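Report on the structure given below.
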Number of protein chains: 2
Amino acid sequence: VTVHLVGAGPGHPDLLTLRAARLLAAADVVVHDRLVHPGVLDLVRPGAPRIDVGKDAGDSHLQERINATLVELGRVHDCVVRLKGGDPFVFGRGGEEAEALRAAGIAVEVVPGVSSAVAAPAAAGVPVTHRDHASAVTIVTGHPAAGAPPIDWAALARVGGTVVVLMGVGGRRRIVAGLLDGGLAASTPVCVITRGTYASQEVVRMTLAELPDAGVEAPSVLVIGSVAALDLASASIGTGAVVADHLGTAEVAR
Amino acid sequence: VTVHLVGAGPGHPDLLTLRAARLLAAADVVVHDRLVHPGVLDLVRPGAPRIDVGKDAGDSHLQERINATLVELGRVHDCVVRLKGGDPFVFGRGGEEAEALRAAGIAVEVVPGVSSAVAAPAAAGVPVTHRDHASAVTIVTGHPAAGAPPIDWAALARVGGTVVVLMGVGGRRRIVAGLLDGGLAASTPVCVITRGTYASQEVVRMTLAELPDAGVEAPSVLVIGSVAALDLASASIGTGAVVADHLGTAEVAR
């Protein structure tokens, strides 16, 4: 008996791993977040129940119920797949789920996934690192769970790398204030990717000073740093359309 | 005509994306780094040439030759796959390759991959973020390319999140000195994962103070922060063996 904590990737089903696809096809039951792409759920074994646990960030009782559900299912099924957006160990509280399962004597396999922190920027043509721009990238949540350690945004501003914020739309005024306090220039480029890798993906570029009052909606990934001004991909997964190509040679990816 | 910059993932072929596997099966030619898993190369279309560009970090002339090779191949083939370890835009200079191709009028598709910065720790049971430990993770290279912007290690120490260092074995004395300068405790847990997700994977845990004199070899991923003391997975991809399980219920992943 094993519960598999499986990364669903950033959205588009083509960015699932081979192992994730095989586990979905073999699962006795799948427990998933609300934000999993319908095309990913299409890969679940026909007849296997799919349980939408509709996770909202920061609701600690909900997390306890999810943990209890996983333990209960792990006791009666051979192959339980817990499908989590992006990577199970990049936010999303996969670590807590693994701890609850281990404490109940249930084996856990973690299947890493493509994180939206890297893939959503890539879908907008933005490399989170680049020799001419950034030797580090920090991935941070704008909406930490209750009791989570705080982030020193001013220190982060001084590191000198790219900052990628997940779940940062609601807290963007506070985040921008902290980064400006730390000395990050108001003119620092920002790229906001909404529903990255989905057909409805939207990309907006602006400066750090403009971010607090910009009309952006969740779920979005915020990229802060000079890489955010780049646009290096002619085509990207999921959008079904060509990203702006100044050279006129772009093709649609499929 | 498109050149596809494709993430090969951390090593084990099961962690390739579906799109990467399909592109390898359709490729006219594949250009790859030396460190790609043989099982990944087994997925290349029979008959398609495989060009090993044997990339060594920091050799700028080699990078220029790789860029020129990609442009040349992109002019004569319909489907060129440039296969890069991990994710194309998390170090590895994929951004520069995309720029060279775009400058030559060749369309570029970026296919994100699972980064070893997240997957190697996961294979050792280490979550790079966790509510009780870290609300941020910084991925940094210990071996920046010539001319790349510097990292302020002391500022990084003050951010309060997990630090993951790629290509950090050679520079670990300098890195540890910088983090200690910034106030990180000498007792901070460190986990070193060598050849993560390969059958020969090795995991060693220590403190930050012990890292400079520890016998670790490249390629390794260094995880620095309190998460590094955790071991949450009963089984992990690629090792073919069970990670230590205190509860006696673990299974091998396959």
Q) In the stretch A:153-193, how many residues are surrounded by fewer than 19 Cβ atoms within 10 Å (Cβ to Cβ) and of a type in the set (A, V, I, L, M, F, W, C)? A) 5
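Residues checked against (1) closer than 22 Å to B:Pro88 by Cβ; (2) at pLDDT below 95:
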residue: A:Ser187; (1), (2): no, no
residue: A:Val192; (1), (2): yes, no
residue: A:Ala229; (1), (2): yes, no
residue: A:Ala235; (1), (2): yes, yes
residue: A:Thr239; (1), (2): yes, yes
residue: A:Asp245; (1), (2): yes, yes
residue: A:Thr249; (1), (2): yes, yes
residue: A:Val252; (1), (2): yes, yes
Q: Check A:His4 against each of (1) in a helix (DSSP H, G or I); (2) within 21 Å of B:Gly9 (Cα to Cα) and name the one condition it does not meet.
A: (1)
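Inside the stretch B:133-145, can you point out the residues that are open to solvent by 30 Å² or more (accessible area, probe 1.4 Å) and farther than 14 Å from B:Gly171 by Cβ? Break it down stepwise before answering.
Within the stretch B:133-145, the subset open to solvent by 30 Å² or more (accessible area, probe 1.4 Å) is B:133, B:143-144.
The one that is open to solvent by 30 Å² or more (accessible area, probe 1.4 Å) and farther than 14 Å from B:Gly171 by Cβ: B:His133.
Given the structure, is B:Gly113 assigned to a loop (DSSP other than H, G, I, E, B), facing chain A (nearest Cβ under 7 Å) and at pLDDT below 95?
Spelling it out, it is not the case that B:Gly113 is assigned to a loop (DSSP other than H, G, I, E, B), facing chain A (nearest Cβ under 7 Å) and at pLDDT below 95.
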**Q.** Answer residue from the stretch A:143-196, given it is outside any strand (DSSP E or B) and of a type in the set (Ser, Thr, Tyr) and is nearest to the other protein chains (Cβ to nearest Cβ) among those
**A.** A:Thr188
Q: Output the number of residues of the stretch B:34-43 satisfying the condition of being of a type outside the set (A, V, I, L, M) and assigned to a loop (DSSP other than H, G, I, E, B).
A: 3
Q) Taking the stretch B:91-102 as the region of interest, how many residues are open to solvent by 10 Å² or more (accessible area, probe 1.4 Å), facing chain A (nearest Cβ under 8 Å) and over 16 Å from the mean Cα position of the chain (by Cα)? A) 3
Q: With the checklist (1) under 27 Å from B:Ala123 (Cα atoms); (2) in a loop (DSSP other than H, G, I, E, B); (3) without any contact (Cβ under 8 Å) to a residue 24 or more places away in the chain; (4) not basic (Lys, Arg) in hand, flag the one item B:Pro46 doesn't pass.
A: (1)
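Residues checked against (1) among the hydroxyl-bearing types (Ser, Thr, Tyr); (2) in contact with a His (Cβ under 8 Å, 6 or more places away or on another chain); (3) open to solvent by less than 20 Å² (accessible area, probe 1.4 Å):
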site: B:His61; (1), (2), (3): no, no, no
site: B:Arg75; (1), (2), (3): no, no, no
site: B:Arg82; (1), (2), (3): no, yes, yes
site: B:Ala104; (1), (2), (3): no, no, no
site: B:Ala107; (1), (2), (3): no, no, yes
site: B:Ser116; (1), (2), (3): yes, no, no
site: B:Pro121; (1), (2), (3): no, no, yes
site: B:Val126; (1), (2), (3): no, no, yes
site: B:His130; (1), (2), (3): no, no, yes
(Q) Kindly evaluate B:Pro121 against the criterion of being facing chain A (nearest Cβ under 8 Å), in contact with a Cys (Cβ under 8 Å, 6 or more places away or on another chain) and either assigned to a helix (DSSP H, G or I) or in contact (Cβ under 8 Å) with a residue 40 or more places away in the chain (or both). (A) yes
Q: Give the residues of the stretch A:29-59 that are open to solvent by 10 Å² or more (accessible area, probe 1.4 Å) and closer than 20 Å to A:Arg102 by Cα, sorted by residue number.
A: A:His32
Q. Which of the residues belonging to the stretch A:94-126 are more than 15 Å from A:Val71 (Cβ to Cβ), out of contact with any Asp or Glu (no Cβ under 9 Å at 6 or more places or on another chain) and not aliphatic (A, V, I, L, M)?
A. A:Pro121
Q | Pairs, first on the phi > 0 side of the Ramachandran plot in the stretch B:174-192, second open to solvent by 50 Å² or more (accessible area, probe 1.4 Å) and among the charged types (D, E, K, R), C-beta under 8 Å, six or more apart | A | B:Gly183/B:Arg158
Q) Are any residues in the stretch A:195-206 surrounded by fewer than 19 Cβ atoms within 10 Å (Cβ to Cβ) and modelled with pLDDT of 95 or more, and if so, which ones? A) A:Glu202, A:Val204, A:Arg205, A:Met206
Q: Of the numbered conditions (1) part of a loop (DSSP other than H, G, I, E, B); (2) more than 10 Å from chain B (Cβ to nearest Cβ); (3) of a type outside the set (Val, Ile, Thr); (4) open to solvent by 40 Å² or more (accessible area, probe 1.4 Å), A:Ala209 fails exactly one; give the number of that condition.
A: (1)
Q.
I'd like to verify a number: residues in the stretch B:215-235 that are surrounded by fewer than 17 Cβ atoms within 10 Å (Cβ to Cβ) and either of a type in the set (Ser, Thr, Tyr) or in contact with a Lys or Arg (Cβ under 8 Å, 6 or more places away or on another chain) (or both), how many?
A. 2
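The values are calculated or read from the model by the stated rules, or taken from the named source; none is laboratory data. Since the structure is predicted, the reported quantities are computational estimates derived from the model, not experimental observations. Please note: Cβ atoms are built from the backbone with ideal geometry, for glycine as well, and neighbour counts cover all protein chains shown. The protein model used for the area step is the full one, side chains on, heavy atoms only, and it has no ligands, DNA or RNA in it. Shrake-Rupley method; radii C 1.70, N 1.55, O 1.52, S 1.80 Å.
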